Structures are given as structure tokens and as C-alpha cells.
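See structure below.
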Amino acid sequence: MTGDPLSALRPWEAPEVTSWGRLPMNAVDRRSGALPLDGDWRFQLLSTPDAPVGGSWSSAYVPGAWTTQGTDDLPQYTNVRMPFPEFPPHSPAANPTGVYEREVDVPAEWAGRRIVLQVGAAESVLLVHVDGRPVGVSKDSHLAAEFDLTHLLAPGSPSTLRLTVVKWSDASHIEDQDQWWHGGLTRSVLLYATEALHLADVTVRAGRYGELRVDCRVRDTGGALPEGWYVSGELEGRLLTQDTGFDRANAEDERVSDFLGEARLTATVPDVRTWNAETPELYGLSVRLHRADGTVADTSRHRVGFRDVEIVGRDLLVNGERIFVRGVNRHDFHPLTGRTVTYEDMRADLVLLKRFGFNAIRTSHYPNDPSVYDLADELGFYVVDEATVESHDHAHEIADDPRYLNAFVDRVSRMALRDKNHPCVIIWSLGNESDYGANHDAAAGWLRRHDPTRPVQYEGAAKLDWAATDDASDLACPMYASLEECVEHALSGRQTRPLIWCEYSHAMGNSNGTLADHWAAIESTPGLQGGFIWEFWDHGILQRVSDARPVGRGGVGLHDNGVAAPGHRWAYGGDFGEPIHDGAFIADGVVFPDRTPKPVMYEHRELAAPVRIECFRHEGIVLGNHQHFRGLDWLSGEWELSLADGGRLTAPAELPDLCPGQTAAVPLPFELPEGGGEAWLTLRVTTARDEPWAPRGTVVCLPQVRLRAAAPARPPLPVPRGRVEVDTDGLLVHPLLTAAPALSLWRAPTDNDELGGMGPRWRAWGLDALVRKVTDVRHRADGRVTVHAEHAAEAGVVRHVQVFTPVEGGIHIEESAELPDAFTDVARVGSVFETIAGLDLMEWYGQGPWESYPDRAFGAPVGHHSVPVDELFTPYLRPQESGGRHGVRHFTLSAPDATGLTVVLDEPRQVGVTRYRAGDLTAVAHHDELVPRAGCVVHIDAAHRGLGTASCGPDTSPSYLVSPGVHRWSWTLRAL
């Protein structure tokens, strides 16, 4: 590229230059009737932007990242750190630069028309040439850039279009997001044509009372605007009215010039159907630009949602209602193509979120693909639209750096100009993790002036003083602030604005503990309105194990169970040989890379339940409608009574006609059978008709209430029958066990355990390598055997006692473990044993069927469940503790011939059954390295530590910690 005038300017190291030759951003959708340029392009990957373009071309697919298309420049993941050492605004000397070329043939019918190139996204600096002539420059990896090519392209004369993408730049320092670094043209490229006289922009404002205002900007590329032009509009058959007062005021104020035309259309819609996330009503709007003779020069179509957003005191209101924000942070991502996603991919993302009770998306940390907003309008999501501003590694320096002032304002303003007409967008965000400085204030000032109809948020401003009112954030939007801290703030009398976490409940690995505690506090504490879980995706890239490269576009099919196909794995930071990376921190979503839901999704679904069982009283059930705008007519119900003895009854449920916030009592659908066992009533709530996001019969929630508790936990002493065999080490000998029940205080550390410091502490205590010493074995004449053992660790000695009593058909085992005071917080206290091979099915009575833990069990209803053993294990990207089931009363492990074993527990306990020992999981970094054992590894825990979210955020609550002292539990083992 030596000698090129654009390259001579070195725009990749000039933060003051955000663009050259680029057209202003607008909200006129030109995708209809455009000429798509997606497909295979000639491609060269240069080592630096200064390197000459050679004679050898390969091929690259557009849209797509070259980092996933077989080049030597591979994806790299960092969180805070930049992937190169240079300080802003500099970029490294080794700077991959992709050169894309193809011929362009303009349709004959475009003769004499204005021709515009639209490049959907380029990471990170785009240079455009036509037939070797420089056209323009653009920055911002996540917004489209448009260039006028009218005088460079003509029908019948093919031209060569070259798009050069420089990977590293001054802009990289403000795109330092917690995400993979890629390079390429990651969104579609197209050409479109308009008349010289055209709509330059359209701004739609529609309020909840039916008032509609449409502001149009008109330009003519031929020069001055022609006389007599005008605009008209139609909203589903209703003609809009020209605002003559607006025209007169413009003329009187001399705001109308020879090159800029402005016009305003208005209407008032009676009995308007308002837009909200529950009932996302949309109206079709057509805006037409006419010449003086009435012929149409240009048309713009929009979908309009009538709604208001405002902050009143400490409440964020939509259409006058205080809403709860049940949100998630979302990146554009696909495990084969990186940040390039199809419409079908995006729709699948949002449909899945809708089915699991989410109603809001924060576009972390950049404006998402335009189709996301179309889908959010249609399906019903509140969107926090976030600008491409994150300077994490150099945040403090850049926040007040005037060289980056234009970049901040440019990125924020272009986002708003593109997305302003989407009703789904209820909040603008100035960016993420970029400290707070004058550049933010400038961007916020532009936003508030341009669009006073939406609030502005920025965590970096609000976290400095939640009670301040003169900063760049209209909301308190903390990041990983503890629940206790937020509740205290809401109750302190100092809170002045709504508090909605921009990030909370970090979903890395086996995580999201205390989510139910958070929502119990949110729903009961004025001033708290919800938040956005971090995040939607586990960003594992599908990688061939054989050559450690991305599979890329057109690769092998993806399994639908969270597990990579054989011979492949989900790659995370460091797996592509990059020296600077942040490991598995990229795997922190509520779904796996193939979009398989993690267990936390079921937790969230119940916490967001639109209809709930409030209580059981006076032989009736009280139901409540927990929606903001919608009745229950879109739902169907079925009652299910689950009895501890295996009985199950069902009956149709007629849901009452309830307005939002109302409750009503309904009769108990069953008479409780005689007996003293537990009885649980579940309301299976499904969609009553097809919804845009779910077919009829889709499960919406499973609220449950206990109708009868179990009998008091005072089981009779076991009557000895037979004998118990133990070996010389005092370990139980049993034909169905290959490893005898032993004390377990250790779990394969979760990501929260490791990054939160618990895992290293447990290792330092020696919990992963307890040394067992038998101190006494006593055989009684009645067959009982008592074994006393001491387990030595670095931090002290744990005394463990097992009493084995032979009972009819099996063995009753009573255990106690005394933990010294030094063990202030251990992973678990319980028993672990291993079974013979062939026991491939687990059936249990307790919470399920999906994985659950003490602080993440709200979404697992009590009942009788059956799951193959191989499906109990949850394949978190970095192997760790998983597969647990909370509140298990009894369980059976069986072979196809119905042989096996059953375990009855003294009280509901945490149980884990997988094919892996804890040591198997801690010894590997990926699932393709795991070798499942033939038998089952079974954990029965008297106490199990909560999961928390300490990999990034608060740990679990103190009530879910396992403390020192004496722990007791008992269980009975029988052969089937």
C-alpha cells in the first residue's frame, strides 16, 4: 500500500480522525432493493498496513472475520489487557491488514442515480478505494460506514472495489472489550441507489397516548433543493398531517437553507395499541418524499411502537408503569464465524431468551447488528443500546484525552442516529469500563440534546456517587455491586435515581448462585429494578484438536448439548497459542457456544414467572399475575400433584382473569390422599396459543408449593439384620461398589472457586489430598461396625466416624465429621463412593431434573425425575464441579436389567452422580481430555458450599457457606 494517499495519512494512528469521506449516519433503512456484495472476495493478508499489495491473492468470505477463515492471524482473547504493549494512540508494528477486492457491476436501471456503498462493519479501520482512487476512511468496528460512489461507478463499466481493513489502531484502545479480537469485514457489504433528491434522515417519535411526530431531512446531491418538494406519510392507512407551523417557524428563523430541507408530519392515533416488552404492538409507517409534480422521489418504511420512557424519582417507567428489568448482556457471536451472525442466529438468540423469561438486553459493549433491534421491536425486549467505547487498559488516560474527544462523541452520536426509531431502545449507554471524564460529558450532552425522550446511563459516572445528579448517568447502574450494598443504598434515604445493575450474577462456569436472593430483594425493595446478567454466551470458538485452528465457516455441525463434536473442542483464551490472553474468562454465559441452555436458565425462568403461586391457605391456592401490562389469557395451565411415595395426579387448571399485579384464590384441585409423606403441587404453565417466540404448549414456568411436609425427621433406629464386611482399612466392602464410601471435603474448583481464591485456599489446607488414618474399628455382636478415622490436612485434623449397620436388604450408614476451627469455609462435607459399571440411569425424588445447588435451586421443582447418568454432568467449558442435584430424598442407580442400588437419605441432601472423580476434572483443561469412568462417582453431601459469582463479583451469601464444627448425616444403601 506504499504511496497510497490514504495510507500516507496513517489514519490508524490518528485518534482525531474518526472518518474521511464518510456519509452521516441516518435511520433510513436501505437494505430493501440493495445490491448485496456478500460472498467470496479476492483477499490478501499483509503483515502491516505499509506493506505493498503483492500479486498472489487468496479468497475470503464476506461477511466474516479473517481470523476464522484459515489465515495465520488467529483469534485472541483478552479482558482488560491490550494484546500489544504500545500506549495510546499507537499500534504495533506487526499489524495484520486485510485487503479485499472484487469487481462491481452497477445495474443499468441505476443510471443517473445516486450510488452509495454501505460497509456493515470493519474491524477496526476501513479504507475504501475504487479503481485505485481513494474514497474514504471509517473507524468504529460495530457501526456501518457509507460512502457516495456516484461519480466513480457507472452502469456498463465494471469497477474494482477495494476495502482495506487495518486490525490494530488508535481505535483499538477504545475497543478494549472483554471479547475475542478479530479482524475483517464482519457484517454485510452492499450498494444501494437513490435519486439525487432523497431522504437524508427520518426521526420518529411516538408516545403512549398516540401522538406521532415524524421529522424528515431532505437533501439533493445535485446541489440546491428543487422548488416545491414535500413529504407525506401514512400509518396503516391513516394519512399524516404536514406540520405547517413547523415549516413557518423554520422559515421565520431562517433555518431553511438551499441545501437542507426539513419537514415534520404529525398524527394522533385514537385507541392506540402501546408497545412494551410484553405486548410489542407495532404499526407500519411509510414516509414519502415528493417532487413538485407529486411523483415520489424516495420512500422510507418504519415500524412504529407507541411508548414513553421516563424517570420519576427513583423509578424507571415505561408507559407510566414501573417495570422490572430482567436483562442479559449480549454480544454478536457465533462459534464458527466469530462476530458474524445471520438473521436466523439472532432470532434464535432472542427467541431463547424470551422463552426463559428475559425481557431486556444490554448490547455489550457496542451497537449490535441492526437486525437485533428489528427483532427486539417485534418480539418484545427493552434494550440498553451501548456505544463502542471501552478503554479498559488505559481508561483513566483516555477519558480526558482531547485527542479522543471526537471519537467518543462520534461513536455515541452515530449509534443514536442509527437506532433512534426503535421502540425497543429505552436507554442509551455511553460505553463500558472507560473511567469517567470530559469525553463522556461531551457525549452525554450531545445525546441529551438530540434525544430527550430516553435516559442516558454510564456505570463509570454513576459509581462515583450514587446520589449525585450532575453527572453523565441518569441511572445508578453499578457493576457487580453486592446485593447487601445495593439494598442498603436503596434504604438509606440517599438514593435519588433508579438502580439497575448493568452487570451482575457473573455466569462463568458453574455459577449464578444467589440469583433467587437477588430477585427476592429486587421485588421487595423500592428503588431496585433489576439488572443484566453477565452474559448470554459462552464464547467458545469451535476448534479442531488436530491442528488447533478454528473450524470456521462451513465447518462441522454443532451438537445441541453443549459438547463440541468429536475431534473438536470449545477454544478459549490461550488455545490459539497467543502469549497474552485471559484464559476461560471468555466462557461466562448462560448458554453454551452451541446455544444449549445452562441450568441457570431454568432458575431464571422461574424467577421471571408471569403467574405465581403466592401461598396455600384455607384449602385453596392464591395465584398472582406478576406481569406489568398483560393479563393471563395467553397462558394455559395444568395442575400436577407429586407424592413422595411415587403417586402423581394431574388436572387441567383454569387460570383466573387477573390484571397485572392482581391475585385471586382458586380451589385446591385435588384432595390430598391419606398418608404422611410429602406432597407438592405444581402449576405447569404453557403458552395457550402460538406466540412469535414460542409455539402453543411451550413451558413458560413451573411454580410449585408444598401442600404437606414429610413426617418429622426422627426415623427409628435401624434393626441389625445380618453382617457388614469392612477391610483392614475399615472401608466398607460391597459387591456394587468399586470404591468404598469415604469422607469428601473437596470439589473440583469451579471458576468462582479458583478466581475467588477459595480453590487455592482449599489446596493450601490440603483438602484435595487428605491423608486418612484409621484409629479404631469396632465390631459389635449385633453386626454393627464403627470406624473412627482421622484425616490429616495442612490446616488441621478432621475426625470422621462411620457406623455401618446391616439392615434388611442393605446397610444403614451413619456418619459424622468434626472440622477444626481453621476450616472456616470448605467446599463440602459428605461421602463419596464409586459403583460398578453398567448403572446408567439415575432416578430420584427431589429437585430437578436439571442441575441445582444450595444457592441455585429455585428453578428445580421437587418431583420424581429420571435422567441417564451420562446426561447428569454439565459440560462447562473448563471442567469443574458440576452435575449436582439439590434436595434429593432418595435415588436409584440402575442397569437396563433393573439391577442396581438405591440410596435413602435421612433428609434432603445435595447429591452428585457423574463419571468423573474430582481429580479427573482438575487435571484437565478441556472436555476432550476427559476419559469417563465405567462406573458412577457418587457424592452425598451433608453440606455443600454455594456457588456464588466470585469469578467476577460477590461470593455466595454467608448462609450458604460450610462452617467448621460437627456435621452429621446418614443414609441407607440397598441393592435392587
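The values are calculated or read from the model by the stated rules, or taken from the named source; none is laboratory data. Being a predicted model, the structure only gives us computed values, none of them experimental. In this analysis, Cβ positions are derived from the backbone assuming ideal geometry, glycine residues included, and neighbour counts consider all displayed protein chains.
Remarks
- Cross-chain or 6+ apart pairs with Cβ under 9 Å, region 705-716 first and under 30 Å from A609 (Cα atoms), then modelled with pLDDT of 90 or more and of a type in the set (S, T, Y): V705/T682
- Of the residues contained in region 859-879, none is found to be free of Cβ contacts under 8 Å to residues at least 12 places away in the same chain, in the same structural domain as T750 (by TED's automatic domain parsing) and over 30 Å from W639 (Cβ atoms).
- From the list R553, R569, R544, R595, the one residue that fits, being of a type in the set (K, R) and within 30 Å of F324 (Cβ to Cβ), is R595.
- The sole residue among E278, E252 that is loosely packed, with under 11 Cβ neighbours inside 10 Å and either among the charged types (D, E, K, R) or closer than 30 Å to N359 by Cα (or both) is E252.
- Flag not set for S429, criterion: of a type outside the set (F, W, Y) and touching a Phe, Trp or Tyr at 6+ places or on another chain (Cβ under 6 Å).
Residue-wise test of (1) under 32 Å from the mean Cα position of the chain (by Cα); (2) at pLDDT 95 or above; (3) within 29 Å of V80 (Cβ to Cβ).
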site	(1), (2), (3)
S138	yes, yes, yes
A144	yes, yes, yes
A154	no, no, no
L163	no, yes, no
D170	yes, yes, yes
D176	yes, yes, yes
A196	no, yes, no
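- Test result for R42, surrounded by 13 or more Cβ atoms within 10 Å (Cβ to Cβ), in contact with an Asp or Glu (Cβ under 6 Å, 6 or more places away or on another chain) and either in contact (Cβ under 8 Å) with a residue 12 or more places away in the chain or farther than 28 Å from F408 by Cβ (or both): yes
- Residue match in region 230-251 (condition: touching a helix residue (DSSP H, G or I) at 6+ places or on another chain (Cβ under 8 Å) and either of a type outside the set (S, T, Y) or assigned to a helix (DSSP H, G or I) (or both)): no
- Subset of region 434-446 (residues that are free of Cβ contacts under 8 Å to residues at least 60 places away in the same chain, of a type outside the set (F, W, Y), crowded, with 19+ Cβ neighbours inside 10 Å and closer than 22 Å to G531 by Cβ): H440, A444
- Restricting the first member to region 313-333 and to residues that are free of Cβ contacts under 8 Å to residues at least 12 places away in the same chain and assigned by TED's automatic domain parsing to the domain that holds W428, and the second to residues that are in a strand (DSSP E or B) and surrounded by fewer than 18 Cβ atoms within 10 Å (Cβ to Cβ), the beta-carbon pairs closer than 7 Å and six or more apart or on different chains are L317/E310.
Condition check ((1) in contact with a Leu (Cβ under 9 Å, 6 or more places away or on another chain); (2) assigned to a helix (DSSP H, G or I); (3) among the polar types (S, T, N, Q)) across all residues:
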{"site": "V341", "(1), (2), (3)": "no, no, no"}
{"site": "L350", "(1), (2), (3)": "yes, yes, no"}
{"site": "E378", "(1), (2), (3)": "yes, yes, no"}
{"site": "V384", "(1), (2), (3)": "no, no, no"}
{"site": "H394", "(1), (2), (3)": "no, yes, no"}
{"site": "Y404", "(1), (2), (3)": "no, yes, no"}
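- Within region 300-344, the only residue that satisfies the criterion of being among the β-branched types (V, I, T), exposed (fewer than 15 other Cβ atoms within 10 Å of the Cβ) and either touching a Ser or Thr at 6+ places or on another chain (Cβ under 9 Å) or farther than 27 Å from T453 by Cα (or both) is T342.
- Verdict on G883 being touching a residue at least 24 places away in the same chain (Cβ under 8 Å), at positive phi and over 23 Å from the mean Cα position of the chain (by Cα): no
- Reported count of residues in region 691-737, each being β-branched (V, I, T), closer than 24 Å to H779 by Cβ and either under 38 Å from the mean Cα position of the chain (by Cα) or outside any loop (DSSP other than H, G, I, E, B) (or both), is 1.
- Strands (runs of 3 or more DSSP E) fully within region 602-657 counting 3 or more residues that are free of Cβ contacts under 8 Å to residues at least 24 places away in the same chain: 648-653
- Residues satisfying the stated conditions in region 308-335, i.e. in a loop (DSSP other than H, G, I, E, B) and over 17 Å from L375 (Cβ atoms): D308, G313, R314, N319, G320, I323, F324, P335
- Just one of the listed residues (S951, S970, S959) is in a helix (DSSP H, G or I) and either closer than 25 Å to L643 by Cα or of a type in the set (G, A, S) (or both), and it is S959.
- Taken together, the criteria exclude D400 from residues that are at positive phi, modelled with pLDDT of 95 or more, surrounded by fewer than 22 Cβ atoms within 10 Å (Cβ to Cβ) and touching an Asp or Glu at 6+ places or on another chain (Cβ under 9 Å).
So that you can scan it fast, the table gives a plain yes or no per residue for (1) part of a loop (DSSP other than H, G, I, E, B); (2) within 20 Å of C502 (Cα to Cα); (3) of a type outside the set (D, E); (4) not assigned by TED's automatic domain parsing to the domain that holds W12:
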{"site": "V412", "(1), (2), (3), (4)": "no, yes, yes, yes"}
{"site": "A416", "(1), (2), (3), (4)": "no, yes, yes, yes"}
{"site": "W428", "(1), (2), (3), (4)": "no, yes, yes, yes"}
{"site": "Y436", "(1), (2), (3), (4)": "yes, yes, yes, yes"}
{"site": "A444", "(1), (2), (3), (4)": "no, yes, yes, yes"}
{"site": "P452", "(1), (2), (3), (4)": "yes, no, yes, yes"}
{"site": "G460", "(1), (2), (3), (4)": "no, yes, yes, yes"}
{"site": "W466", "(1), (2), (3), (4)": "yes, yes, yes, yes"}
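- When the residues of region 110-138 are filtered to those that are of a type in the set (D, E, K, R) and touching a residue at least 40 places away in the same chain (Cβ under 8 Å), the one that is farthest from D298 (Cα to Cα) is E123.
- Yes/no for V287 being outside the structural domain of R418 (by TED's automatic domain parsing), farther than 30 Å from Q495 by Cα, modelled with pLDDT of 95 or more and buried (at least 22 other Cβ atoms within 10 Å of the Cβ): yes
- Conditions (1) part of a strand (DSSP E or B); (2) outside the structural domain of S852 (by TED's automatic domain parsing); number of the one not met by D906: (2)
- Residue match in region 667-675 (condition: in a strand (DSSP E or B) and either hydroxyl-bearing (S, T, Y) or surrounded by 19 or more Cβ atoms within 10 Å (Cβ to Cβ) (or both)): no
- Considering residues of region 566-593 that are among the acidic types (D, E) and at pLDDT 95 or above only, the residue farthest from S852 (Cα to Cα): D575
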